[in-house]
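The numbers here are math on the coordinates, done by the rules we state, and not lab data. No experiment lies behind these values; they were computed from the predicted model shown. For neighbour counting, all protein chains shown are included, and Cβ atoms are generated from backbone atoms with ideal geometry for every residue, glycine included.
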Amino acid sequence: MTKETISGGCLCGAVVFEFDTPSLWAAHCHCTMCRRAHGAAYVTWVGVRESGFRITKGDADLVHYDSSDHLTRSFCGRCGSSILCNDHRHDSVIDITLANLHSPLDRAVSSHIYFDCRAGWVDIDDDLQKRGGDTGLEPL
Ligand SMILES: [Zn+2]
Ligand SMILES: [Zn+2]
């Protein structure tokens with residue numbers, strides 16, 4: 001079986017990455033930090049294996065910001081697209097923004113996480129799992 005890769009990148013095209021499928025999960029995150037970092041109601045993240053992830057272009061343009069003691073967010077220094085998140089408690093996994101992929105993901109989004117932190121101005125009425133609590137991942 002040939003391994004499929006999916007590529008993605010930032011708005012200006014300076015940074016391009018790719019990863020080997022299968023991806024691990026996909027979820028909408030409603031935490032306050034994602035909301036502020038991306039200037040959006042919530043951010044849809046895809047978890048992929050770090051061992052199958054590569055920056056294929058523009059590594060020098062990526063800017064890294066430690067948004068907490070265990071979380072590093074990375075964005076393009078030219079156009080500002082926030083595209084990566086690395087949780088150092090789980091270094092074998094890297095989180096990528098679904099919105100920045102160049103082709104469809106190999107799975108559907110399964111859940112809302114940190115759902116109890118969601119913005120008051122966003123109205124969501126779908127059948128996906130709703131998770132939250134201290135870890136953001138507990139069933140609500
Ligand atoms: Zn860019
Ligand atoms: Zn978040």
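If His88 passes every condition in (1) under 20 Å from Ala14 (Cβ atoms); (2) without any contact (Cβ under 8 Å) to a residue 24 or more places away in the chain; (3) surrounded by fewer than 17 Cβ atoms within 10 Å (Cβ to Cβ) but one, which one does it miss?
(1)
Looking at region 91-106 only, could you name the residues that are of a type in the set (Ser, Thr, Tyr) and surrounded by 13 or more Cβ atoms within 10 Å (Cβ to Cβ)?
Thr97
Of all strands (runs of 3 or more DSSP E) completely enclosed by region 67-115, which ones contain at least 2 residues that are more than 16 Å from Arg35 (Cα to Cα)?
82-87, 93-97
Please list, ordered by first then second residue, the pairs with beta carbon atoms under 6 Å, 6 or more apart or interchain, first in region 108-119 and touching a residue at least 40 places away in the same chain (Cβ under 8 Å), second in a loop (DSSP other than H, G, I, E, B) and buried (at least 22 other Cβ atoms within 10 Å of the Cβ).
Partner pairs satisfying both residue conditions: Tyr114/His30; Phe115/His30; Cys117/His30; Arg118/His30.
Go through region 64-77 and give me each residue that's out of contact with any Leu (no Cβ under 9 Å at 6 or more places or on another chain) and either small (Gly, Ala, Ser) or surrounded by 14 or more Cβ atoms within 10 Å (Cβ to Cβ) (or both).
Matches in region 64-77: Ser67, Ser68, Leu71.
Tell me, which residue of region 124-140 that is within 17 Å of the chain's Cα centre (by Cα) and not in a strand (DSSP E or B) is surrounded by the most Cβ atoms within 10 Å (Cβ to Cβ)?
Filtering first and then ranking leaves Gly136.
Within region 17-62, which strands (runs of 3 or more DSSP E) (wholly inside it) include 3 or more residues that are over 14 Å from the mean Cα position of the chain (by Cα)?
53-57
Cys12 fails exactly one of the following numbered conditions: (1) more than 15 Å from Ala108 (Cα to Cα); (2) part of a strand (DSSP E or B). What is the number of that condition?
(2)
Pairs under 6 Å by beta carbon, first residue farther than 25 Å from Ile6 by Cα in region 29-49, partner surrounded by fewer than 16 Cβ atoms within 10 Å (Cβ to Cβ), six or more apart or different chains?
Met33/Ser67; Ala41/Ala119; Ala41/Val122
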